[in-house]
Amino acid sequence: MSSTMQSPGNVVVLAARREVAAHTLAFELTRPEGFQFKAGQTVDVTWIDPPETDAGGNTRTFSIASAPHEPQLLFATRLRDTAFKRVLEKAALGAALRLEGPFGDLTLHNNATRPAVLIAGGIGITPFRSIVRRATHEKLAHRIYLFYANRSPDDAAFLEEFRAIEKENPNFIFIPTMDQAPPSWQGARGQISAELLSSHLKNSASAESHTPGAIYYVAGPPGLVTGIRTALNNAGIDDDDVRSEEFSGY
């Protein structure tokens, strides 16, 4: 839990929303005065008096996709048939929500001599957008690799944005991979594997799929997180060097 935790009950409003991938909605909330967070952290978002609710309740936890220097708070979510998501799609801009947080410690390590290897599946990309945009804005010296797995380019939120950041930030390497890519796709194919990691992480001390000294960050569906952690452990990566967050897709 971060020491920057805010007092509960900040009231915010829905400021904007847009589709950023297939069945994926990005939305912006106004940022409370004085609200501080670290790139990679989460908040709890609660509808205030929504027009409908269900057994899932009116609160969801979201990773903040915007960087700390950006004026609004950006989030992105896969759309599901739940009351919370239906309200999110249909509510008028200006609708009120309550914000609590920030929470979590999926944040970039301080030692810039150690590379950061970010591994995202699907909507697990959101905390990494915050981290990468912060690192680029502040011109951090960290070498950052981002592996990003989706079924197809249409499912990949912020795909073109990361490509643009890669051109701007010489310390950032972007490796998107698609499991069901069309023939025109020119990037990596298949799921994230030890072989894919090892083929892109340079200066390996051996054939193991890691860069010496790297810190690994994994975010995505529970199956992906578990599988990647197991692969990293099998490659000799210490658990102390792996940080993860599961996105259950509710």
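Restricting ARG243, ARG229, ARG163 to residues that are part of a helix (DSSP H, G or I), modelled with pLDDT of 95 or more, among the charged types (D, E, K, R) and touching a strand residue (DSSP E or B) at 6+ places or on another chain (Cβ under 9 Å) narrows the list to ARG163. Condition (residue is within 29 Å of ILE48 (Cα to Cα) and either in contact with a strand residue (DSSP E or B) (Cβ under 7 Å, 6 or more places away or on another chain) or assigned by TED's automatic domain parsing to the domain that holds THR61 (or both)) applied to segment 139-157: is it met by at least one residue? The answer is yes, given that some residue of segment 139-157 is within 29 Å of ILE48 (Cα to Cα) and either in contact with a strand residue (DSSP E or B) (Cβ under 7 Å, 6 or more places away or on another chain) or assigned by TED's automatic domain parsing to the domain that holds THR61 (or both).
Within segment 114-127, the presence of at least one residue that is in contact (Cβ under 8 Å) with a residue 12 or more places away in the chain, basic (Lys, Arg) and touching a helix residue (DSSP H, G or I) at 6+ places or on another chain (Cβ under 9 Å) is confirmed. Within segment 42-68, the residues that satisfy the criterion of being part of a loop (DSSP other than H, G, I, E, B) and under 16 Å from PRO32 (Cβ atoms) are ILE48, ILE64, SER66, PRO68.
When you look at THR113, is it modelled with pLDDT under 95 and of a type outside the set (Asp, Glu), yes or no? Answer is yes for this residue.
Does ALA149 count as in a strand (DSSP E or B) and at pLDDT 95 or above? So ALA149 fits the description; yes. Check segment 26-41 and report whether any residue there is surrounded by fewer than 19 Cβ atoms within 10 Å (Cβ to Cβ) and assigned to a strand (DSSP E or B). Within segment 26-41, not a single residue is surrounded by fewer than 19 Cβ atoms within 10 Å (Cβ to Cβ) and assigned to a strand (DSSP E or B). All of (1) surrounded by fewer than 24 Cβ atoms within 10 Å (Cβ to Cβ); (2) touching a Pro at 6+ places or on another chain (Cβ under 9 Å); (3) not in a helix (DSSP H, G or I) hold for LYS139 with one exception: (2). Just a yes or no: is a residue in segment 61-78 free of Cβ contacts under 8 Å to residues at least 60 places away in the same chain, more than 26 Å from ALA135 (Cβ to Cβ) and exposed (fewer than 13 other Cβ atoms within 10 Å of the Cβ)? Among the residues of segment 61-78, not one is free of Cβ contacts under 8 Å to residues at least 60 places away in the same chain, more than 26 Å from ALA135 (Cβ to Cβ) and exposed (fewer than 13 other Cβ atoms within 10 Å of the Cβ), which makes the answer no. The sole residue among LEU93, LEU99 that is buried (at least 22 other Cβ atoms within 10 Å of the Cβ), modelled with pLDDT of 95 or more and farther than 30 Å from ALA231 by Cβ is LEU99.
The values are calculated or read from the model by the stated rules, or taken from the named source; none is laboratory data. Computed from a predicted model, the values in this text were never measured in an experiment. A quick note on method: Cβ atoms are made from the backbone with ideal geometry, for glycine too, and the neighbour counts reach across all protein chains shown.
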